[in-house]
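Undergrad: I'd like to ask some things about the structure below.
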There are 2 protein chains.
Amino acid sequence: MLIGGIEAGGTKMVCAIGETDGSLETEVKIVDRIFVPTKSPEETLPEMIQYFQKWDIQTLGIGCFGPVDLNRNSATYGCITKTPKPGWAYCDIAGAFTNALQIPVGFDTDVNGAILGEVVWGAAKGCESAIYITVGTGIGVGVYCNGKLVHGLVHPEGGHILLERHPGDHFKGNCPFHANCAEGLAAGPAIEKRWGKPAIELADKQEVWEMEAFYLAQAIANYVLCYSPQKIVLWGGVMHQKQLFAMVREKVKKILNGYVDHEMLDAQIDQYIVAPALGENPGILGAMCLGMLESTVYKGLHRVGI
Amino acid sequence: MLIGGIEAGGTKMVCAIGETDGSLETEVKIVDRIFVPTKSPEETLPEMIQYFQKWDIQTLGIGCFGPVDLNRNSATYGCITKTPKPGWAYCDIAGAFTNALQIPVGFDTDVNGAILGEVVWGAAKGCESAIYITVGTGIGVGVYCNGKLVHGLVHPEGGHILLERHPGDHFKGNCPFHANCAEGLAAGPAIEKRWGKPAIELADKQEVWEMEAFYLAQAIANYVLCYSPQKIVLWGGVMHQKQLFAMVREKVKKILNGYVDHEMLDAQIDQYIVAPALGENPGILGAMCLGMLESTVYKGLHRVGI
């Protein structure tokens with residue numbers, strides 16, 4: 001059986017086809033993948049739809065950049081909501097694919113998709129609660145809790161939690177909403193603006209990664225205290241600086257200072273804060289998983305009448 | 001039908017008897033209540049057990065000061081774990097009542113009990129996700145998410161999240177574990193130590209409550225971003241300074257700065273961050289609710305063999 005997945009980002013749309021036996025027990029095999037640049041919805045969506053129409057897919061899942069409307073009782077369910085990205089505000093992305101392909105379409109945030117992928121097939125397999133943190137052009141946190149993805153009032157936006165500034169940091173922050181949130185202080189663009197070069201050109205600058213680890217560890221300590229996750233999957237472009245993992249783990253331990261009494265926050269922290277087991281694919285595999293859940297669990301109930 | 005509830009605190013144990021038709025639809029009526037000072041387990045537990053033995057209760061629930069072990073597969077399930085309180089570390093409080101009373105005993109943190117009470121009968125009725133924040137001798141956060149109380153690796157400890165210091169605050173903080181966590185900066189004892197008087201004697205000092213609201217709003221903004229709760233119930237001794245509610249709401253709005261786009265964080269914030277609907281009883285009613293869930297849902301499965 002073939003299924004489709006979309007990792008919808010502000011820069012590019014990853015569209016892929018997966019092969020599955022229909023069971024969540026077996027990891028989906030990616031059989032084809034394209035990248036479509038994110039231009040306007042009028043240009044980009046038809047190109048994506050045409051791609052999927054060439055394959056006989058049974059279901060589609062979308063992990064989407066946010067904020068998105070995940071409330072199945074809302075008139076704008078399946079839409080990106082407020083976004084500064086021209087043309088995409090209140091674009092009904094899930095509806096566009098449902099209408100064009102006439103198959104069940106699962107829809108959630110990109111990071112919720114990614115943690116779902118890691119829970120079903122990856123590093124957080126078997127967990128009842130786990131989070132996926134991506135540190136790239138932004139910081140996003142996908143949250144799985146009590147066996148489900150977390151939505152709530154809107155959906156979690158853990159990348160914007162407020163942090164204490166590093167005493168040596170005089171950069172004003174890069175978030176237009178919050179003076180000192182994690183994304184504004186520690187995402188890729190913040191690193192580049194603070195130090196005058198892209199992160200990748202700063203690999204040998206110890207002070208860059210000390211400060212980065214200071215912020216990421218503070219955010220992660222707060223996530224540990226808020227969510228008490230069983231696993232923390234940490235990834236995104238910035239985490240390709242692999243030295244960060246050990247630095248972050250050490251600082252998380254130091255910040256929590258033994259308060260949360262569990263071996264995962266002590267001797268086993270290497271197995272607690274980890275890279276994805278699905279390599280570069282948690283987002284796209286998670287999107288496919290959203291589609292599989294949509295077709296088995298929800299049976300497209302939210303779209304009755306279309 | 002009679003049921004029992006315990007709100008187990010570090011200073012006192014509230015023990016109460018409730019009358020219920022056995023359905024979660026109808027609020028339990030409290031028919032009797034005693035307060036037992038928290039001395040050693042050897043003194044305190046027998047006194048509590050004797051009290052409950054006088055009533056024909058069908059089930060008992062305990063909302064307990066933490067940290068506690070909530071893992072039903074653990075050998076220390078039902079125990080308080082590491083606590084500086086003499087005698088109580090690894091005290092099997094749930095086990096003591098199960099053994100003595102031979103009825104199902106529900107067990108969770110005090111704040112998880114309180115949010116359960118508010119979800120089932122109070123201000124968060126009908127919510128799929130909601131949090132209860134108590135600001136008293138400590139700061140605790142009970143978390144209900146996806147229709148269940150949150151445990152995870154241990155249980156949430158949201159009262160210890162790190163906050164940015166108020167520029168005018170030179171108090172070193174009151175938490176032995178964390179230099180600048182919410183509890184250490186904003187719980188009752190922190191207020192008293194910083195200003196030299198108990199909170200209740202500082203009611204007319206505007207600067208005290210400005211600083212308190214600064215910290216509470218920062219913590220709540222972070223909870224909004226992490227949990228995306230549908231309702232925030234805020235209480236505890238410090239919140240008896242009712243002027244704090246409006247100040248906190250205003251500052252939460254200002255911090256989030258329109259980023260989380262929902263009327264609950266804008267025009268309807270008065271209905272979003274609220275006092276409990278169960279008055280002074282969310283903790284004890286929530287504890288009884290834990291007992292009711294234990295007897296209907298879990299059927300004491302975790303204690304097979306006792």
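The values are calculated or read from the model by the stated rules, or taken from the named source; none is laboratory data. Quick caveat, the model's predicted, so the values are computed rather than measured. Cβ coordinates were reconstructed from backbone atoms using ideal geometry, including for glycine residues, and neighbour counts include every protein chain displayed. Keep in mind that these areas ignore ligands, DNA and RNA; they rest on the heavy atoms of the full protein, side chains included. Shrake-Rupley method; radii C 1.70, N 1.55, O 1.52, S 1.80 Å.
Undergrad: Mind listing whichever residues of the stretch A:159-213 are within 14 Å of chain B (Cβ to nearest Cβ) and more than 25 Å from the chain's Cα centre (by Cα)?
TA: Listed by number, the residues that qualify are A:H166, A:P167, A:D169.
Undergrad: Okay, next question. Count, please, the residues in the stretch B:236-276 that happen to be of a type in the set (D, E) and either open to solvent by less than 30 Å² (accessible area, probe 1.4 Å) or within 14 Å of chain A (Cβ to nearest Cβ) (or both).
TA: Step one: of the stretch B:236-276, the residues of a type in the set (D, E) are B:250, B:261, B:263, B:266, B:270.
Now narrow it down to the ones that are either open to solvent by less than 30 Å² (accessible area, probe 1.4 Å) or within 14 Å of chain A (Cβ to nearest Cβ) (or both): B:261, B:263, B:266.
Residues flagged as of a type in the set (D, E) and either open to solvent by less than 30 Å² (accessible area, probe 1.4 Å) or within 14 Å of chain A (Cβ to nearest Cβ) (or both) within the stretch B:236-276 amount to 3.
Undergrad: Can you confirm whether the stretch B:54-61 contains a residue that is of a type in the set (D, E), open to solvent by 10 Å² or more (accessible area, probe 1.4 Å) and not in a strand (DSSP E or B)? Explain how you work it out, then say what you get.
TA: As a first pass, look at the stretch B:54-61 and keep what is of a type in the set (D, E): B:56.
Filter once more, keeping what is open to solvent by 10 Å² or more (accessible area, probe 1.4 Å): B:56.
From the residues that got through so far, the ones that are not in a strand (DSSP E or B) too are B:56.
Yes: the stretch B:54-61 contains one or more residues that are of a type in the set (D, E), open to solvent by 10 Å² or more (accessible area, probe 1.4 Å) and not in a strand (DSSP E or B).
Undergrad: Can you tell which of B:G142, B:G95 is open to solvent by less than 30 Å² (accessible area, probe 1.4 Å), within 14 Å of another protein chain (Cβ to nearest Cβ), of a type in the set (G, A, S) and outside any loop (DSSP other than H, G, I, E, B)?
TA: On the way: B:G95 fails: within 14 Å of another protein chain (Cβ to nearest Cβ).
Matching residue, one of B:G142, B:G95: B:G142.
Undergrad: Quick check: anything in the stretch A:83-92 open to solvent by less than 30 Å² (accessible area, probe 1.4 Å), away from chain B (no Cβ under 14 Å), over 18 Å from the mean Cα position of the chain (by Cα) and not acidic (D, E)?
TA: Yes - at least one qualifying residue is present in the stretch A:83-92.
Undergrad: If you don't mind, there's one more thing I want to ask. In the stretch A:8-21, what residues are within 16 Å of A:S40 (Cα to Cα) and either in contact with a Gly (Cβ under 6 Å, 6 or more places away or on another chain) or among the small types (G, A, S) (or both)? Steps first, answer last, please.
TA: Kept after step one, since they are within 16 Å of A:S40 (Cα to Cα), are these residues of the stretch A:8-21: A:8-14.
Matches in the stretch A:8-21: A:A8, A:G9, A:G10.
Undergrad: Here are some residues: B:A179, B:A203. Which one is surrounded by fewer than 24 Cβ atoms within 10 Å (Cβ to Cβ), more than 17 Å from B:Y132 (Cα to Cα) and touching a residue at least 24 places away in the same chain (Cβ under 8 Å)?
TA: None of the others qualify; the one that does is B:A203.
Undergrad: Out of all the residues in the stretch B:31-44, is one or more modelled with pLDDT of 95 or more, within 25 Å of B:V143 (Cβ to Cβ) and among the hydrophobic types (A, V, I, L, M, F, W, C)?
TA: Within the stretch B:31-44, the subset modelled with pLDDT of 95 or more is B:31-44.
Of the ones still in play, those that are also within 25 Å of B:V143 (Cβ to Cβ) are B:38.
Cutting the leftovers down to among the hydrophobic types (A, V, I, L, M, F, W, C) gives us none.
No: zero hits.
Undergrad: A further question on this structure: Inspect all residues belonging to the stretch A:228-246 and state whether any of them is free of Cβ contacts under 8 Å to residues at least 12 places away in the same chain, under 27 Å from B:N180 (Cα atoms) and of a type outside the set (K, R).
TA: yes
Undergrad: A follow-up question, please. Can you find a residue in the stretch B:71-78 that is at pLDDT 95 or above, under 17 Å from A:V260 (Cα atoms) and part of a strand (DSSP E or B)?
TA: no
Undergrad: Shifting gears a bit: Could we say that B:H151 is in a loop (DSSP other than H, G, I, E, B), open to solvent by 10 Å² or more (accessible area, probe 1.4 Å) and more than 14 Å from every other protein chain (Cβ to nearest Cβ) here? Show your work before the answer.
TA: Details: in a loop (DSSP other than H, G, I, E, B): yes; open to solvent by 10 Å² or more (accessible area, probe 1.4 Å): yes; more than 14 Å from every other protein chain (Cβ to nearest Cβ): no.
It is false that B:H151 is in a loop (DSSP other than H, G, I, E, B), open to solvent by 10 Å² or more (accessible area, probe 1.4 Å) and more than 14 Å from every other protein chain (Cβ to nearest Cβ).
Undergrad: For the stretch B:182-196, give me the residue count where each residue is part of a helix (DSSP H, G or I) and surrounded by 22 or more Cβ atoms within 10 Å (Cβ to Cβ).
TA: Our first condition is that a residue be part of a helix (DSSP H, G or I); within the stretch B:182-196, this holds for B:182-186, B:188-195.
Pick out the ones that are also surrounded by 22 or more Cβ atoms within 10 Å (Cβ to Cβ) and you get B:182-186, B:190-191.
So the count comes out to 7.
Undergrad: Does at least one position in the stretch B:16-31 carry a residue that is on the phi > 0 side of the Ramachandran plot and open to solvent by less than 20 Å² (accessible area, probe 1.4 Å)?
TA: No, the stretch B:16-31 contains no residue that is on the phi > 0 side of the Ramachandran plot and open to solvent by less than 20 Å² (accessible area, probe 1.4 Å).
Undergrad: Moving on to the next point. Here are A:I131, A:I80: which of them is in contact with a Cys (Cβ under 6 Å, 6 or more places away or on another chain) and either more than 23 Å from A:V248 (Cβ to Cβ) or buried (at least 22 other Cβ atoms within 10 Å of the Cβ) (or both)?
TA: Details: A:I131 fails: in contact with a Cys (Cβ under 6 Å, 6 or more places away or on another chain).
One residue alone meets the criteria, A:I80.
Undergrad: Residues of the stretch A:217-235 being at the interface with chain B (Cβ under 7 Å from one of its Cβ atoms) and among the small types (G, A, S), which ones?
TA: A:A221, A:S228, listed by residue number.
Undergrad: Of everything in the stretch B:197-236, what is part of a helix (DSSP H, G or I), at pLDDT 95 or above and among the small types (G, A, S)? Give them in sequence order.
TA: Within the stretch B:197-236, B:A213, B:A217, B:A219, B:A221 qualify.
Undergrad: Residues that are assigned to a helix (DSSP H, G or I), in contact (Cβ under 8 Å) with a residue 60 or more places away in the chain and open to solvent by 20 Å² or more (accessible area, probe 1.4 Å): does the stretch A:107-117 have at least one?
TA: yes
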